[in-house]
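A.B. asks: There's a structure below that I have some questions on.
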Amino acid sequence: MDHPIVSTEAEYRIEACNTYDFLSEEYSILFEGSNATAFQSPLWLHEFYRTLVPGHGAEPLIIKISSKGSDHPDAILPLVRETHFGIRIVQPADLGVADYNAIVGSEEKLTALANNPSVAKGILSAIQPYHLILFRKQRPCAFDAAKLLPGANRTPNTSCSYEVDAGAGYDNWFTTSVSKNMRKGLKRKTNGFEKTHGKLEFAELCDEPSIVDAFQLMRELREARYEANLFSRPEVFEFYQNIAVKGQRHGIASTFVSKFEDRILSIDFGVRHKSRFLFLLGAFYEEQDFQRYSLGLLGLNELIRREAEAGHTIFDFTIGDEPYKLSFGAEQIPLTNITVTSGPIGRLAFTAYQSRGPFRRTLKKLMPKFS
């Protein structure tokens, strides 16, 4: 798409573009006034469209909605289009790296857009061609994308997200929210490590060479642990490493490590947004000498302490139903999927997505990102 497709409504201008400057002041103002998440932040989307989209063979699709006569957008939908075996699927800027998806715009402006029926029709027209629009992983507090997508189906996501609130202070949270078994286990493992080896030190990495080295180690540790590893795709590894390096300079990304005698034993990576820290990736040594100390849990606990003391009082474990999150006293947050179909192919694809049988498993093998 060399030029934007423009849908002109009575009050609004709707554009479908393949490029947009997410590092611009215009987008920064829009984002800060919205209820979007760190996964729609300027740096995140800049690196997403620059690095991930070309590597995945996807087509960028950025929907920009502006009031007539205004040079600034009221809302932006950052999307991508993929085609698998002739099935055109439009999704948010995700490709497996975003835990939450959202439309970017203020609640006031988005509500005004939703109250204008011609806008929703114009959005679907601008998104064409598609068989399936799959807007997944929407948080309860986000503006409901279904209000701007006529004919949408709303279904629960198969996984939830989890978060803890340490606003009353780390010590209060640790004493009142963390399970007794987890508290005792963390203290026992810390004392055991110090008695056997020495003091375990924790630090946030603040220079590019150290972050790059830590990410290389994280890739090696994750390859050894996980059969399906995000970092097996070079563009995904480059994306996260770029976010870590560039985000650290602005205080919006953190690479946090535990060390013993200058040797890194665990690595945790996440991003910050307002009062929230979002935990995204972790890795740790599992060799016999360290296995019984649960280095991953010790590192997470210390990271929660550091972020709470710095004023990031919501520690967001993000998506995934791992049991350890509940042991930390995390609250379960349900996520919602919004889908829109077009024609018999779209309805068939949606049926496959909703199914839990062999049809969906076959489709996922043919289209790995259809999950």
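The values are calculated or read from the model by the stated rules, or taken from the named source; none is laboratory data. As the structure is a prediction and not an experimental result, all values here were calculated from the model. Because the Cβ atoms are built from the backbone with ideal geometry, glycine has one as well, and the counts that use them run over all protein chains shown. Keep in mind that these areas ignore ligands, DNA and RNA; they rest on the heavy atoms of the full protein, side chains included. Shrake-Rupley method; radii C 1.70, N 1.55, O 1.52, S 1.80 Å.
A.B. asks: Between G329 and residues 5 or more places away or on another chain, which pairs have amide H atoms under 5 Å apart, with H built 1.01 Å from N, and which residues are they?
C.D. replies: Hits under the 5 Å cutoff: S179.
A.B. asks: How far is it, in nm, from the label point at E331 to the one at T196 when both lie 7 Å from their Cα along the line to the Cβ?
C.D. replies: 3.8
A.B. asks: I've got another one for you. Which residue fluctuates the most in the chain, going by a Gaussian network model with Cα springs under 10 Å, if the choices are T336, T37, T175?
C.D. replies: With Cα springs under 10 Å in the chain, the top fluctuation among T336, T37, T175 is at T175.
A.B. asks: Put +1 on the Cβ of every Lys and Arg and -1 on every Asp and Glu Cβ in the range 17-155; which of Y130, L148, I29 then has its Cα farthest towards the positive end of the dipole?
C.D. replies: After comparing all options, I get Y130.
A.B. asks: Shape of the range 1-137 from its Cα gyration tensor (a ≥ b ≥ c, root eigenvalues): rounded if a/c is under 1.5, otherwise prolate when a/b > b/c, or oblate? Can you show the working numbers first?
C.D. replies: Numbers: a/c = 1.59, a/b = 1.19, b/c = 1.33.
In terms of gyration-tensor shape, oblate.
A.B. asks: Same structure, new question: Express the carbon and sulfur contribution to the solvent-accessible surface of the chain as a percent, rounded to the nearest whole number, probe 1.4 angstrom. Numbers along the way, then the final one.
C.D. replies: Details: 8210 of 16770 Å².
After summing per-atom areas, the C and S share lands at 49 percent.
A.B. asks: Sorted by packing (mean other beta-carbon atoms within 10 Å per residue), highest first, where do 130-137, 65-72, 313-320 land?
C.D. replies: Details: 130-137: 23.0, 65-72: 12.8, 313-320: 20.5.
Top to bottom by mean Cβ count within 10 Å: 130-137, 313-320, 65-72.
A.B. asks: Can I ask one more? What ratio of Cα Rg to 2.2 N^0.38 Å holds for the range 248-313?
C.D. replies: Working: Rg = 12.6 Å, N = 66, 2.2 N^0.38 = 10.8 Å.
In units of the 2.2 N^0.38 Å rule of thumb, it is 1.16.
A.B. asks: What number, rounded to the nearest 500 deg cm²/dmol, is the helix-based mean residue ellipticity at 222 nm of the chain, given -39500 (n - 2.57) per DSSP H run of at least four residues and division by all its residues? Working shown, then result.
C.D. replies: Values: 14 runs with 139 residues, N = 371.
-11000 deg cm²/dmol, from helical runs alone.
A.B. asks: Moving on to the next point. Quick one: divide the alpha-carbon radius of gyration of the range 163-314 by 2.2 N^0.38 Å and tell me what you get.
C.D. replies: Details: Rg = 15.5 Å, N = 152, 2.2 N^0.38 = 14.8 Å.
Taking the Cα Rg and dividing by 2.2 N^0.38 Å, one obtains 1.04.
A.B. asks: A follow-up question, please. Around G33, what is the net charge, scoring Lys/Arg as +1 and Asp/Glu as -1 over all other residues with Cβ under 15 Å from its Cβ?
C.D. replies: -4
A.B. asks: Project the alpha carbons of the range 209-264 onto their principal axes and report the range along each, largest first, in whole Å.
C.D. replies: Per principal axis, max minus min of the Cα coordinates gives 32, 30, 15 Å.
A.B. asks: Rounded to the nearest angstrom and ordered from largest down, what semi-axes does the equivalent ellipsoid of the range 98-256 get from its C-alpha gyration tensor (root of 5λ)?
C.D. replies: Ellipsoid semi-axes (Å, largest first): 41, 23, 17.
A.B. asks: Give me the distance in nm between label points sitting 7 Å out from Cα along the Cα-to-Cβ direction at S355 and K147, one decimal.
C.D. replies: Spacing of the two 7 Å Cα→Cβ label points: 3.5 nm.
A.B. asks: Anyone know which of E287, E163, E223 comes out most mobile in the 10 Å Cα GNM of the chain?
C.D. replies: Answer for the Gaussian network model of the chain: E287.
A.B. asks: Follow-up question, since we're still on this one. How much net charge surrounds D144 when only other residues with a Cβ under 14 Å from its Cβ are counted (Lys, Arg +1; Asp, Glu -1)? Walk me through the numbers before you get to the answer.
C.D. replies: Working: positive: R136, K137, R139, K147, R154; negative: E107.
Once positives and negatives cancel, what remains is +4.
A.B. asks: While we're here: Once Lys and Arg get +1 and Asp and Glu get -1 on their Cβ, which of G311, T158, T190 lies farthest toward the positive end of the dipole of the chain?
C.D. replies: Farthest towards the positive pole: T158.
A.B. asks: Moving on. Kirkwood hydrodynamic radius, computed over distinct alpha-carbon pairs, for the range 108-168: how many Å, to one decimal? Intermediate results must be reported in sequence, preceding the final value.
C.D. replies: On the way: mean 1/r = 0.0724 Å⁻¹.
13.8 Å is the Kirkwood radius here.
A.B. asks: Still on this structure: Cα convex hull of the chain: how many Å³ per residue? Present the calculation step by step, with values, prior to reporting the outcome.
C.D. replies: Values: hull volume 53.2 nm³, N = 371.
Considering the Cα atoms of the chain, their hull volume per residue is 143 Å³.
A.B. asks: Now, a different point. If you count only protein heavy atoms with a 1.4 Å probe, what accessible area per residue comes out for the chain, rounded to a whole Å²? Don't jump to the answer; show the numbers that get you there.
C.D. replies: Working: 16770 Å² over 371 residues.
Accessible surface, normalised per residue, equals 45 Å².
A.B. asks: Moving to a separate point now. All other residues with a Cβ under 11 Å from the Cβ of Q332 taken together, and with Lys, Arg as +1 and Asp, Glu as -1, what is their net charge? Walk me through the numbers on the way to the answer.
C.D. replies: Numbers: positive: K325; negative: E163, D321, E331.
Result for the neighbourhood of Q332: -2.
A.B. asks: Computed FRET efficiency, Cβ-Cβ of S179 and N116, R0 56 Å: what is it to the nearest 0.05? Write out the running numbers ahead of the final one.
C.D. replies: Values: r = 49 Å, r/R0 = 0.88.
For R0 = 56 Å, the calculated efficiency reads 0.70.
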